[in-house]
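Reviewing the structure listed below.
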Amino acid sequence: MDLEQLRHSTAHVMAAAVCRLFDDVQLDIGPATDTGFYYDFDLPRRLGPEDFESIEAEMARIVAERLPFERLEVDRGAAEEMLTKSGQKYKLERLADIPEGETITFYRCGDFIDLCRGPHLDSSGKIQAFKLLSVAGSYYRGIETNPMLQRIYGIAGQTPKELKVQLRQIEEAKKRDHRKLGLALDLFSIQENTGPGLIHWHPKGARVRAIIEEFWRQEHFKTGYDLLYTPHIGRAGLWEKSGHLDFYRENMYSPMDIDGDPYFVRPMNCPFHIQVYKAHKYSYRDLPLRWAELGTVYRYEKSGVLHGLLRVRGFTQDDAHIICTPEQVEGDVREAVRFALRMWKAFGFSEIKAHLATKPAKAVGDSGRWDQATRSLENALKSESIESEMDPGGGAFYGPKIDMKVRDAIGRLWQMTTIQFDFNMPERFDMTYVGEDGKEHRPYIVHRALLGSLERFFGVLIEHYAGAFPLWLAPEQVRVLPLTDRQHEHACDLRDRLRQAGYRSSADLRSETVNAKIRDAQLQKVPYMLVLGPKEQEAGTLSVRSRAGGREGEMSVADFLERLKEETGSMR
C-alpha cells in the first residue's frame, strides 16, 4: 500500500467526518506529509483535543462503510458550479489556481466530495489505523492578513502495530525536543528583544559549534577545498544580476541605503563566490576549484513556520561551490557524495537515503548538459550504493540535484545534504575558463551543502543524541567532584591538568553533597564524573563514573587520560 495515498485518503476521511459532525464547514487543503497528514478547516467554533474522540469515532464509521473513492473529472464551469452550490469559498479560490487546460478532478467518498488532485486508495475500508494528534491555527495560504483556519494533524499506519510504533516515536520525539533540551542544557536561546528566528548561542552551545566548525574546516582542507570569507551585504545590482531580486525578493529583507546605493543582506552566498572567481582568469589547468564557506545568510520566514533551530531567519550555511570542466564534473560529484557520507558517519548517522530531482518542464541550459549532469548524479549514487528515489521533473529550473536524508536514532528522516547543478549563474555572470584549445568555455558550477545550516544541523544533532553528545562533541567532557573543601585544590589541579591535555573539564566546588553533584552532572549529560575524596587524594587515584555506565571504579590519572584518548580517537 502506498503510504502517501494512505495518509492522503485518511485526511479525506477525517474531513468527511468533520463535515458529518459540524455545520457550516469550510474546507481548504488536506495533504499527506512526511509524517502523517493534516486538513485545514474554517469552523463556527474552535476545536480542541476533547473533540478528537467524536471525530475519530465518525472516521471509524466511514471506514466500516467501505466507501469507494471515486475520481470525478469535470470542466471548469461544472467545478465552479459545484463549489458555489456547496458554498466552499476557499475551494473556489484554489480552483482559480489550477492553470487553464489542466485536468480538474474531484474525489467522492460517500456524501463527501472534495476538489483534489489525488490519487487515493480504492476504498475507505483499506484504512486500518489512525490517530488524531493536535489542532493548531493556520492562516489561509500562510498569509497573516488572511483568515485563521484550524489545522487538525493526524497519523495513519498500514496496521495497528505500525501505528503504535509511530505513536511511540512521537512520544520519544517529545522527550528529545531540541527546544526543551536547549533550555535545560543551556545551549541556546531565542530572545524576544532580539527577534524571532534569530539564535543566541550560549557558551556550551557555542563550544559544540566551535568543535563542529573546526572539524568541518579540517575535513575540507583534507578533501582539497579552499575556504572563503565574503561580505554579509551587497549592492542591489549584484542581486539583480544573480536573479535573486526577480525570483527571491519576498525572502530578502528590505534594502538599506549606503551612500545613496541600495544594499541587501545576503540570502545566499553564491554571487560572492562567483565574484571571487571573476577576479581572475582561469585555465582548464586550474580547475576544479572547490571553495567552501561557513557563510551566515538571512532569509525572511513567516512567523508561523519558525521552529526553534530548525526554521530560522538567520543561519550559517556550510556552503561550497565546485567549479569544473565538463570532463571533471562526474568525478567531483562522486567525491562530494563520498564526502557527505564521511561527514555523516563521523557525526553518528549511518543510514542515508537520497532523492534525485530531474529536469522540470521549464528549465535553462543546454539539454546535453542536463543529461550529463543527471547522469553524473545517478552514477555517484550508484557508486556509493546509496538507496535513492527519482523525483522526475523535481529539479530547479537551473539544474538537477541530489537531496540526501539521514535517519536519526528514533527513525526519523531529515533532509540535510544537497548537491545542486547550476546552469543559470555561469551564464548570468559570464563565467569562463580557457580550454586546452585556447578558447573560452563555460564551466560547470555545483552548489554543495553537506550539513545544511549549522543551526538546523545542531537541532537535529541534539534530538539524535537526546542532548547526550558523544565524548568528542560534548561541551563539557569531564566534571571533577570533590567530596569536601579539603579536596578543592586537588580538584582544581586535576581540572587544569585535563584542560592542558586538551579535554573540556570543570570542577564543581559548591557546598553540596557529592550525590547532588553527581545528579546535576548527569542532568547536564556530562560524559565523565571524577569523585575525589580523602582516599583518592592520598592514593593519587580517581573514582570514575560515566554517564552511560554509572560507577566504573578507581583508576590512575594516566589510565583515565588514556581512556579519553582512545574514546575520542582521531575525532578530537
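Of all aspartates and glutamates in the structure, those lying under 18 Å Cα to Cα from residue 382, and not within fewer than 8 positions of it along the same chain, are 330, 332, 335, 351, 371, 391, 403. Close amide H partners of residue 188, meaning residues 5 or more places away or on another chain with modelled amide H under 5 Å apart, are 202.
Using just its DSSP H runs of length 4 or more, each adding -39500 (n - 2.57), the chain gives a mean residue ellipticity at 222 nm of -11000 deg cm²/dmol after division by all residues.
For q = 0.13, 0.21 Å⁻¹, what log10 I(q)/I(0) does segment 401-527 give under the Debye formula with an equal point scatterer on each alpha carbon and no solvent? Computed log10 I(q)/I(0) values: -0.74, -1.14. With the simple model of a label 7 Å out from the Cα in the direction of the Cβ, residue 434 to residue 95 spans 6.5 nm.
Sparsely packed loop sites in segment 18-125 (the GluC sites (Glu not before Pro) outside DSSP H, G, I, E and B with at most 11 other Cβ atoms within 10 Å) comprise 100, 102.
Derived from the Cα gyration tensor, the three semi-axes of the equivalent ellipsoid of segment 434-496 are 53, 18, 7 Å, largest first.
Note on segment 1-122: Kirkwood hydrodynamic radius from all Cα pairs is 15.0 Å, rounded to one decimal. Taking the centroid of alpha carbons for each part, segment 71-102 and segment 216-238 are 49 Å apart.
Excluding ligands, DNA and RNA, the accessible surface per residue across the chain is 47 Å² with a 1.4 Å probe. Taking every C-alpha pair closer than 8 Å and separated by at least 6 residues, the mean separation divided by the residue count of the chain gives a relative contact order of 10 percent.
Mean projection of the Cα convex hull over all viewing directions, computed for segment 359-446: 7.3 nm².
Ignoring lysines fewer than eight residues from residue 439 along the same chain, the ones with Cα atoms less than 27 angstrom from its Cα are 241, 278, 281.
The separation of segment 13-69 from segment 159-183, counted between C-alpha centres, amounts to 23 Å.
For segment 337-417, trypsin sites (Lys or Arg not before Pro) meeting the loop criterion (DSSP other than H, G, I, E, B) and having at most 14 other Cβ atoms within 10 Å: 362.
Listed by chain and number, the aspartates and glutamates whose alpha-carbon sits under 12 Å from that of residue 161, ignoring those within fewer than 8 places in the same chain, form an empty set. Computed across the chain, the Kirkwood hydrodynamic radius from all distinct Cα-Cα pairs reaches 27.6 Å.
Per-atom-type breakdown for the chain gives carbon and sulfur 48% of the accessible area (1.4 Å probe, protein chains only). Relative contact order of segment 381-517, taken over Cα pairs closer than 8 Å and 6 or more residues apart, is 15 percent. Pairwise Cα separations in segment 162-300 fall into 5 Å bins from 0 onward with the following percentages, short to long: 2, 8, 11, 13, 14, 14, 14, 11, 7, 4, 2, 1, 0. Applying a DSSP loop filter and a limit of 11 other Cβ atoms within 10 Å to the trypsin sites (Lys or Arg not before Pro) in segment 231-291 leaves 281. A simple spin-label model places pseudo-atoms 7 Å from Cα toward Cβ; at residue 250 and residue 20 they are separated by 3.7 nm.
The values are calculated or read from the model by the stated rules, or taken from the named source; none is laboratory data. Here the structure is a predicted model, which means the values were calculated and not measured. All Cβ positions, even for glycine, are placed from backbone atoms using ideal geometry, and neighbour counts span all protein chains on display. The accessibility values were calculated without ligands, DNA or RNA, using every heavy atom of the protein model including side chains. Shrake-Rupley method; radii C 1.70, N 1.55, O 1.52, S 1.80 Å.
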